[in-house]
Amino acid sequence: MQIGFFDVDTRHNQLNKLNDPLLVLKKLIDFEMFRKEIEKSFEKERKDSSGRKPFDKVMLFKGLILKRLYSLSNEELEFQITDRSSFRRFLGINENAFSPDENTFWHFSNELAKNGVIDKLFIKFDEFLNQRGYSAKGGSMIDATFVEVPKQRNTKEENKKIKEGKIPQSFTENLHKFAQKDTDARWTKKGNETYYGYKNHINADVKHKFVRKYKTTSAEVHDSQPIENLLDNKNDTAKLWADSAYRSATIFALLLSKLIEAKINERAYKNKPLMDEQKANNRILSKTRARVEHVFGFMANSLKADMIRTIGIVRAKSEIAMINLTYNLSRYCQLEKIKSLSMA
């Protein structure tokens, strides 16, 4: 039996009473701002009037937002859209209409990755934030976090070749095997923990805690290496907070040349522990610097973004860009909610 209009209306009213978080996202963000950049990526798509009409590209992008918000696979995303009224309302899909399948989402996200579209959407939303009064303020906080991918079961010889930047012969002899191998991800160790995958290097502004710049690298790249790509000359305060991993003569010289005041924690060395005065100074610096951990905390706990299931750095870059964009969308909704409560 088909679902009637009043049945859908009743269900939506019930969702409203249950404080559907997707309704807030839908009301506060006009996703049409992203349409131009998304559709550019599909301009060469074959025009064919036969068969079912293609799914709206902005709707598919909103589906990827759901995928990231709820940490879903493409298969799980297809099921949840079919099953959940809140998802269908957010996407604007009628209860009796067809919904996109997992293959549609895979091809769509793959096309966005190949063309670096999510980076452009990130910039578009940053422009929106500036228009809404959320420009970068208070200085910058820079840090990096691991984003792991499924571990590869390679031989020592295969890993040696990959580390040398070469493709092992055993991969090229079996294309099905090669398609499942990530030759861009790397192993690294921090403390007693071992990681495999990539790093998300970010710059967040102190006042609003929005991600303003980011860079994706393989996991073994030192936190401080991409710092020049992360500097934000649009922030109204020329100060940069970072932990001791970023403390070096090269970085101090770089910041000085950019007229940026370094607020970087001091580091202890072997046989040269920090003095009490240095420890006290680090505690003062950490009160601000630690705010960037709130960003990574949300990504790890709410978006489950410490693990992605992609192969290759092109897809990893796109997925990590989506993590940063989804965080900013969520952060914007949070700040707008705080603002409305303070005005009530």
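No value in this document is a laboratory result; all are computed from the given coordinates. Keep in mind the model is a prediction, meaning the values are calculated, not measured. Methodologically, a virtual Cβ is constructed for each residue, glycine included, from the backbone with ideal geometry; neighbour enumeration extends over all protein chains shown.
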Put in order of increasing Cβ neighbours within 10 Å, starting from the fewest, GLU193, GLU336, GLU157 give GLU193, GLU157, GLU336
Which whole-number percentage describes the relative contact order of the stretch 104-209, with Cα contacts under 8 Å and a sequence gap of 6 or more?
39 percent
Considering the options ALA249, SER85, ALA290, tell which one lies farthest towards the positive end of the dipole of the chain, charges being +1 on Lys and Arg and -1 on Asp and Glu at the Cβ, about the Cα centre.
ALA249
Farthest towards the positive end of the dipole of the chain, among LEU325, LEU274, ASN103 and with Cβ unit charges of +1 on Lys and Arg and -1 on Asp and Glu, lies the Cα of LEU274
Expected output is a single nm value to one decimal: the length gained when fully extending between LYS190 and ASP83, i.e. 0.36 nm times separation in residues minus the C-alpha distance. What is it?
34.4 nm
For VAL149, net neighbour charge (Lys/Arg +1, Asp/Glu -1) across residues whose Cβ lies under 15 Å away:
+3
Can you give the charge dipole size of the stretch 188-344 about its Cα centre, rounded to the nearest 20 debye, using +1 on the beta carbon of Lys and Arg and -1 on the beta carbon of Asp and Glu?
140 debye
proj_area_mean for the stretch 177-216 (convex hull on C-alpha atoms), units nm², value 4.5 nm²
What's the exposure ranking of MET141, MET59, going from fewest to most Cβ atoms within 10 Å?
MET59, MET141
Can you tell me the Rg and Dmax of the stretch 161-241, counting just the alpha carbons, in angstroms?
17.5, 55
In deg cm²/dmol and to the nearest 500, what is the mean residue ellipticity at 222 nm of the chain if only DSSP H runs of at least 4 residues count, each as -39500 (n - 2.57), divided by the residue total?
-15000 deg cm²/dmol
Three principal axis lengths of the stretch 84-232 [C-alpha, angstrom, descending]:
54, 49, 29
Among chymotrypsin sites (Phe, Trp or Tyr not before Pro) in the stretch 45-134, those in a DSSP loop whose Cβ has at most 11 other Cβ atoms within 10 Å are PHE98
Output ³J(HN,Hα) for the stretch 206-219: one whole-Hz value per residue in order, computed from phi by the Karplus curve 6.51 cos²θ - 1.76 cosθ + 1.60 with θ = phi - 60°, and x for Gly and Pro.
5, 5, 9, 6, 8, 6, 9, 9, 7, 8, 9, 9, 5, 5
Residues meeting the amide H criterion for MET307 (H placed from the backbone, H to H distance under 5 Å, 5 or more places apart or on another chain) are GLU148
Suppose a student asked you for the relative contact order of the chain, using Cα pairs under 8 Å spaced at least 6 residues apart; what percent would you report?
20 percent
Is the stretch 200-344 best put as rounded, prolate or oblate by its Cα gyration tensor, with a ≥ b ≥ c the root eigenvalues, rounded for a/c under 1.5, and otherwise prolate when a/b is larger than b/c, oblate when not?
oblate
Starting from the Cα of LYS213, draw a straight line to each of the aspartates and glutamates and keep only those under 17 Å, dropping any in the same chain fewer than 8 residues away.
ASP119, ASP126, GLU127, ASP143, ASP205, ASP223, GLU228, ASP232, ASP236, GLU293, GLU319
Tell me, what is the Rg over Rh of the chain, with Rh the Kirkwood radius over Cα pairs?
1.01
